[in-house]
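The values are calculated or read from the model by the stated rules, or taken from the named source; none is laboratory data. All of these numbers come straight from a predicted model, not from anything done at the bench. Note that each Cβ is placed from the backbone with ideal geometry, even for glycine, and that neighbours are counted across all protein chains shown. We work out accessible area using only protein heavy atoms, side chains counted, and drop any ligands, DNA or RNA first. Shrake-Rupley method; radii C 1.70, N 1.55, O 1.52, S 1.80 Å.
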Amino acid sequence: MSLTLKVSLPPITNSLTRYPALFLLHGMGSDEEDIFSLFESLKDRFILIAIQGQIPRGEGYAYFNILRIGYPELGSFESILVQLKDTLDESLQTYPIDPSQIFMAGFSQGAILSMSMAARYGSLLKGIAAMHGYVPAHVSAENVADLQDVHVFIGHGIQDPMFSLAVGKANAAFFMDRTPDVTFRTYPSGHWVDAAEKADVLAWFDDFTTSLTSS
């Protein structure tokens, strides 16, 4: 079953031009419109592809079921990872994406999946931005892919009641052990993205487009 997508293309002036792509993943009970709005200011520089979860949850959706914090239900979790990889592959065939400039960003469940996709597929992704999530125990116990060239932004709330600051620090340590380019920042927030975190993550992506333009 194909996932529901919200796709935004930058102004295309040359049919031969390829653009960086940013795949966006929302939190549990939210939807693709919500996560798209967080990154909408990047739409002139990135192909934005916001992905809706397939499991109804509250007024929105989830991507996978959970057993307890840190432990997703493996059937639904592994299923969505496969669907995300398929969506990425199909998008490469459908949109003018530069295959060397694929990024993923998400909040909560979206952060969990972004980190897991990086751990599973390595340099298929140029970079990820993970806000208020965790690396599942079974993912961290796997033979993790080569992450040496993957750029990572991790944001976490000091007052997050769902995932403690220790979880955020563990996320950062997981990636710092495997790649030299990890940005880890904390915010005086709970389980949400505050204005400072939004500004930081958008600036992090802006730095990539600046370097691409000047290269």
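Taking K and R as +1 and D and E as -1, what net charge do the other residues with C-beta under 12 Å from the C-beta of residue 111 add up to? Local charge sum for residue 111: -2.
Couplings 3J(HN,Hα) for the stretch 135-148, derived from phi with the Karplus relation 6.51 cos²θ - 1.76 cosθ + 1.60 (θ = phi - 60°), are 8, x, 4, 6, 6, 5, 8, 6, 6, 6, 5, 5, 10, 4 Hz, where x marks Gly and Pro. Rounded to whole Å, give me the distance from the Cα center of the stretch 30-51 to that of the stretch 123-157. Centre-to-centre (Cα) distance: 20 Å. Excluding same-chain pairs closer than 8 in sequence, count the lysine pairs in the chain whose Cα atoms lie under 23 Å apart. Lysine pairs satisfying the spacing and distance rule in the chain number 11. Averaging 1/r over every pair of different alpha carbons in the stretch 1-89 and inverting the result gives a Kirkwood radius of 14.1 Å. Entry note, the chain: the mean residue ellipticity at 222 nm calculated from DSSP H runs of n ≥ 4, each adding -39500 (n - 2.57), is -11500 deg cm²/dmol after division by the residues and rounding to the nearest 500.
Using the Karplus relation 6.51 cos²θ - 1.76 cosθ + 1.60 with θ = phi - 60°, the per-residue 3J(HN,Hα) values for the stretch 178-189 come to 10, 8, x, 10, 10, 9, 10, 9, 10, 9, x, 10 Hz, with x marking Gly and Pro.
Expressed to the nearest 5 percent, the antiparallel share of DSSP beta bridges inside the chain is 25 percent.
With +1 on each Lys and Arg Cβ and -1 on each Asp and Glu Cβ, how big is the dipole of the chain about its Cα centre, in debye rounded to the nearest 20?
160
According to the square roots a ≥ b ≥ c of the eigenvalues of the Cα gyration tensor, what is the shape class of the stretch 151-215, taking rounded for a/c under 1.5, prolate for a/b larger than b/c otherwise, and oblate for the remainder? It would help to have the intermediate numbers written out before the result.
Values: a/c = 4.25, a/b = 1.46, b/c = 2.91.
Judged from the Cα gyration tensor, the stretch 151-215 comes out oblate (a/c at least 1.5, b/c at or above a/b).
As a calculated quantity, the FRET efficiency between residue 73 and residue 4 at R0 = 30 Å, using C-beta atoms, amounts to about 0.90. Note on residue 85: accessible area is roughly 50 Å² with a 1.4 Å probe, heavy atoms of protein only. For the pair residue 159 and residue 123, label points projected 7 Å from Cα toward Cβ lie 4.3 nm apart. Counted residue by residue at 0.36 nm each, then reduced by the alpha carbon distance between them, the extension gain from residue 94 to residue 41 reaches 16.8 nm.
For the stretch 60-145, the convex hull drawn through the C-alpha positions has a volume of 96 cubic angstrom per residue. Of the residues 167, 125, 93, the one whose Cα sits farthest toward the positive end of the charge dipole of the stretch 92-215, with +1 on the Cβ of Lys and Arg and -1 on the Cβ of Asp and Glu, is 167. Rounded to whole numbers, the Karplus 3J(HN,Hα) couplings from phi for the stretch 57-70 are 8, x, 8, x, 9, 10, 8, 8, 8, 10, 8, 6, 4, x Hz, using 6.51 cos²θ - 1.76 cosθ + 1.60 with θ = phi - 60°, and x at Gly and Pro.
With the contact rule set at Cα under 8 Å and sequence spacing of 6 or more, what percent relative contact order holds for the stretch 65-207? Could you put the intermediate results ahead of the total?
Details: 228 pairs, mean separation 26.0, N = 143.
It rounds to 18 percent for the stretch 65-207.
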